[in-house]
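First up is the structure itself, then whatever we jot down about it.
Taken together, the values in this text are just the output of simple stated rules run on the coordinates, not laboratory data. Note that the structure is predicted; figures quoted are calculated from it, not measured. Using ideal geometry, Cβ is built from the backbone for each residue, glycine included, and neighbour counts are taken over all protein chains shown.
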Amino acid sequence: MKGQLTVKNLTRHYRLRQRGNLFARTKTLKAVDGLTFDVAPGEMLGIVGESGSGKSTTARLLLGHISATSGEVVFGGEKVGAVPDLAWRRMRRRMQMIYQDPLGALDPRITIGEQIGEPLIVHFPDITRDARRAKVRAVMGNVGLSSHHGDRFPHELSGGQRQRVIIARALVMEPELLVCDEPVSALDVSVQAQVLNVFQDVRARNGFTGVFISHDLKVVRQIADRVAVMYLGRIVEIGRPDEVFHQPLHPYSRALVSAVPRKGRSARERIILAGDPPNPVNVPPGCPFHTRCPQVKPVCRIERPELMSEGGRAVACHLVNNPSTARVAVADGEAA
Amino acid sequence: MTGSTDLMDIRGLTVEFEGRYRFTRALHGIDITLKRGEALGIVGESGCGKSITWMAVLGLLGRNARVGGSARLEGREILGADDARLSEIRGGRIAMIFQDPSSSLNPLHKIGWQLGEALRLHQGLTGAAARREAERLIDRVGIANARQRLGEYPHEFSGGMNQRVMIAMALAGNPDLLVADEPTTALDATIQAQILDLLDDLRRERNMALVLISHDLGMVAEMTERVVVMYCGRIVEDSPTADLFDNPAHPYTRGLIDAIPSIDGPRQRLLAIPGSVPPPDRLPSGCTFLSRCAVAGPECQRAVPTMIDAGTGGRHRAACVKLGDLLPPANAHLPAPVEIAAELV
């Protein structure tokens, strides 16, 4: 029922032409720039980062919705391609996605029950109608929808119920891989808690491999076994949520964690980063974070830090991986 | 009622919206007193009326809204005031910033022009004087290279920069009160930290009162001195911030606090509030939280609960008839039944 997800050196670049000038040189937007990570069978990997860090592009690459510029995604021993051929269709059965905006992902003219059953019609056309209905009912029960909801239309449901429908529709295929892109961001706090609980329940029951993308660190901590922090298309830190959120090593993760408001703390303790994230079209040379980093050293401006792992935890920062080089380089920089 | 320190006094504010067949009441009598220089947080879920309260006070609601009650600014009634007086108050005494900064700015005019307009209206500055003041404000809200940036358009600014421009425009009238309606919801976490820091600095520097409307309890906990919790168009709890988080009195407030995943401490199952917010035209009789409340009893159906003392010197008040039963284990969270109830959605 489960498979391992392996991502190797995955990149996705977009070529942009400057507006208004047909002959202008194209620029390259590196939405995802060399991602390498594994998700163990049954594990849930959380991905956090700000807008423009490439989280959603990663989600679409993992499922083969868009083609990668280079690198590969392997799930359960099979390569995930982006060419919609027979093998691609077969892979669809095993992987599902949950979207942020539930109303946008549902057809307003089809009843909830039919929408949840539709993937079965597509992928398993030989199931009988009764078997399909029974399956839909069972899945709806699992996510906390009553059977009378099946005859309703999306507009008749509340936001939390719609998100449950999306979850049910993904689960009806009994996916081995579930990619969730900001699944609770559009929900109110009280409803968000309900949906997160549903997530944990179905995961305990079905045990799928998962990738959970969110900008909310608290939500990711609640749901993920491991968390990756992305900045400008790259992973800057990856590790267990407790490690990453309690003792963040990368200066960016540190700022991100300190920006989470919490009670019993003065607002003064936040780490305030200067400026905005750089435009992904013009990623600065060296460490992409050096323009905003409070601890920047000369070497950070020149050399791009690699993601170096140690005991299941990896950080891409000169200060952490190579404190001596960082110091030597300082001396060099001063001499020069 | 109008003590020298009270800046704003809202009493029994009601708002009704005209539907096709009848009026639907969105606010059911809001009482808020705000002192000079105070930082007040207003929390609640979407649709609870937290924004409408301040839009109604400033006369920003459309023709289909019927506003009742009273709102006094330093003792003078502003509800139903004429346009000339309202224009004086809006921006001049009470400024408001909104969630999405890019849509609050005019895309066709340069930042400098828009800021200059605010300065002309509120301070009567024109020409070089306006230009100088605009540069000073832009510089104060942390935008580098002020002179050049005043000649740019909103689309050339990032979301965080646009929110800084909105704050600069709000400051143009030297307001006594800044109402920030979800000022950072559309912004990224690190940018949110910058904006909150700026708002906090400005408030202290100018002794300006701040009303922070937000659904994020953590943010309100950090930024404010007092919090008002709203549910279905009513205030259900009003408390000093520290006390609210240590001893939440109303079951809804307790539920809200428990429903947020924490970033530290042991990871445990969330205690969700069952069900969802009832639509404003189908509120249950009695306490509106009744259908979702874990401790509701028959007495809750009788009438809408009024605000009563919830301990500590009359500054912490909540609207719940069960308060007497709930209070004794002040620090303990609600027992197990809540979790069971959470499953029966």
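What the table shows:
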item: Charge dipole (the range A:5-247, unit charges on Cβ, about Cα centre) - positive-most of A:VAL179, A:GLY54, A:GLN96; result: A:GLY54
item: Near-label residues of the range B:105-120 by backbone N, under 17 Å of a point 7 Å along Cα→Cβ of B:ARG147; result: B:112-113
item: FRET efficiency estimate (nearest 0.05) - Cβ-Cβ, A:TRP88 to A:ALA204, R0 35 angstrom; result: 0.70
item: Neighbourhood charge, 10 Å Cβ-Cβ cut-off, centred on A:VAL122 and excluding it, Lys, Arg +1 and Asp, Glu -1; result: +2
item: Values of log10 I(q)/I(0), in the order q = 0.10, 0.14, 0.17 Å⁻¹, for the range B:6-224 under a Debye, Cα-only, solvent-free model; result: -0.45, -0.88, -1.26
item: For residues of A:191-200, the mean tally of beta carbons on other chains within 10 Å; result: 6
item: Computed FRET value (nearest 0.05) for B:THR14 with B:LEU290, which takes r as the C-beta separation and R₀ as 22 Å; result: 0.55
item: Rg to Rh, two decimals, where the range B:219-279 supplies the alpha carbon set and Rh follows Kirkwood; result: 0.98
item: Computed FRET value (nearest 0.05) for B:GLU74 with A:SER51, which takes r as the C-beta separation and R₀ as 51 Å; result: 0.75
item: Size-normalised alpha-carbon gyration radius of the range A:1-134, reference 2.2 N^0.38 Å; result: 1.29
item: Positive-end residue, chain A charge dipole about Cα centroid, Cβ charges, pick of A:GLN192, A:GLY210, A:GLN247; result: A:GLN192
item: Averaged over B:214-226, number of beta-carbon atoms from partner chains that fall within 10 Å; result: 3
item: Chain A - Cys residues lacking any other Cys C-beta under 4.7 Å; result: A:CYS180, A:CYS293, A:CYS317
item: Simple spin-label estimate for A:GLU156 and A:THR128 in nanometres, 7 Å along Cα-Cβ; result: 2.8
item: Square roots of 5 times each gyration tensor eigenvalue, C-alpha, chain A, largest first, Å; result: 39, 23, 19
item: Stokes-Einstein D in µm²/s, Kirkwood radius over Cα pairs - the range B:1-92 at 20 °C with 1.002 mPa s viscosity; result: 154
item: Amide hydrogen neighbours beyond the local backbone of A:ILE47, cut-off 5 Å, H modeled; result: A:PHE212, A:ILE213, A:SER214, A:ALA228
item: Cα long-axis angle, helix A:323-335 against chain A (0 to 90 degrees, to the nearest 10); result: 40
item: Computed over the range B:159-277, Kirkwood Rh from alpha-carbon pairs, angstrom; result: 16.0
item: Volume per residue that the Cα convex hull of the range A:125-172 spans, once the total is divided by residue count, Å³; result: 77
item: Whole-Å semi-axes of the range A:64-205's equivalent ellipsoid (Cα gyration tensor); result: 26, 19, 14
item: Kirkwood hydrodynamic radius of the protein assembly as shown, from inverse mean 1/r over distinct Cα pairs, in Å; result: 27.4
item: Semi-axis lengths (Å, descending) of the ellipsoid that matches the C-alpha gyration tensor of the range A:153-303; result: 34, 18, 15
item: Cα→Cβ-extended label distance, 7 Å offset, between B:GLU205 and A:LYS79, nm; result: 5.8
